[in-house]
1. Evaluate the following for Trp56: is it of a type outside the set (A, V, I, L, M), modelled with pLDDT under 95 and in contact with a Pro (Cβ under 9 Å, 6 or more places away or on another chain)?
2. Does the stretch 25-42 contain any residue that is touching a helix residue (DSSP H, G or I) at 6+ places or on another chain (Cβ under 8 Å), closer than 24 Å to Phe110 by Cα, at pLDDT 85 or above and of a type outside the set (A, V, I, L, M)?
3. Could you give every pair whose Cβ atoms fall below 7 Å, whose first residue belongs to the stretch 48-69 and is within 10 Å of Pro85 (Cα to Cα) and among the charged types (D, E, K, R), and whose second residue is crowded, with 16+ Cβ neighbours inside 10 Å and modelled with pLDDT of 95 or more, counting only separations of at least 6 or pairs across chains?
4. Condition (residue is over 11 Å from the mean Cα position of the chain (by Cα), surrounded by 14 or more Cβ atoms within 10 Å (Cβ to Cβ), of a type in the set (A, V, I, L, M) and more than 21 Å from Gln23 (Cα to Cα)) applied to the stretch 60-80: is it met by at least one residue?
5. Residues of the stretch 83-109 being over 13 Å from Leu46 (Cα atoms), among the charged types (D, E, K, R) and buried (at least 18 other Cβ atoms within 10 Å of the Cβ), which ones?
6. Go through the residues of the stretch 26-33 one by one and say whether even a single one is touching a Pro at 6+ places or on another chain (Cβ under 7 Å) and without any contact (Cβ under 8 Å) to a residue 40 or more places away in the chain.
7. Report, by residue number, each residue of the stretch 70-95 that is in contact (Cβ under 8 Å) with a residue 60 or more places away in the chain and of a type outside the set (Gly, Ala, Ser).
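The values are calculated or read from the model by the stated rules, or taken from the named source; none is laboratory data. Model, not experiment: these values are computed from the prediction. Here the Cβ positions follow ideal geometry from the backbone for every residue, glycine too, while neighbour counts run over all protein chains shown.
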Amino acid sequence: MSVSAIDGYVIPYEELWGLSDCQKRKIRLCLARLKGTHTEDQWQNLIREFDFHCVWCGVDREPMTKDHILPIYQGGSDSISNIQPLCRRCNSRKGPYPADWAAYRRQFGFEVHP
C-alpha cells in the first residue's frame, strides 16, 4: 500500500511513519512538480485572464488562491493547466472533488452562474 503513486513514484507507508502531515504534503508536492510546474508569471497571467475574479463565485474584492483542479494528493500536477484562481472561501469549501471552474468560465463567462 502507498500514500502516493505518481508516474511510477510510490512512497510506501513505512517510509512515511513519524512524518507530520505538513511533511507528507511537501513530499506529495515534490512528486506533483515532477509532472509539471508553473511560474509566477503564468499564475499572474491566469489571474489577469479572469480579470482578478474567483472562477467559482465571481468575487473580485479579495486575493485569489491557487486551487489545484485535480488535487495533488489525488495525483494532480502543479502545472498551470491544473490550477485555477479561487477566493479563499471557495477554495476552502471545494473539498476533494475535481471541478474545473476555469474551463466553465472560459466557455460561459461570468454572466451564467452554475
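1. Yes.
2. yes
3. Lys66/Ile83; Asp67/Ile83; Asp67/Gln84; Asp67/Leu86
4. Checked the stretch 60-80: at least one residue is over 11 Å from the mean Cα position of the chain (by Cα), surrounded by 14 or more Cβ atoms within 10 Å (Cβ to Cβ), of a type in the set (A, V, I, L, M) and more than 21 Å from Gln23 (Cα to Cα).
5. Correct list: Lys94 only.
6. Going residue by residue through the stretch 26-33, those that are touching a Pro at 6+ places or on another chain (Cβ under 7 Å) are none.
No, every residue in the stretch 26-33 fails to be touching a Pro at 6+ places or on another chain (Cβ under 7 Å) and without any contact (Cβ under 8 Å) to a residue 40 or more places away in the chain.
7. First, the residues of the stretch 70-95 that are in contact (Cβ under 8 Å) with a residue 60 or more places away in the chain: 73, 75.
Passing the criteria: only Tyr73.
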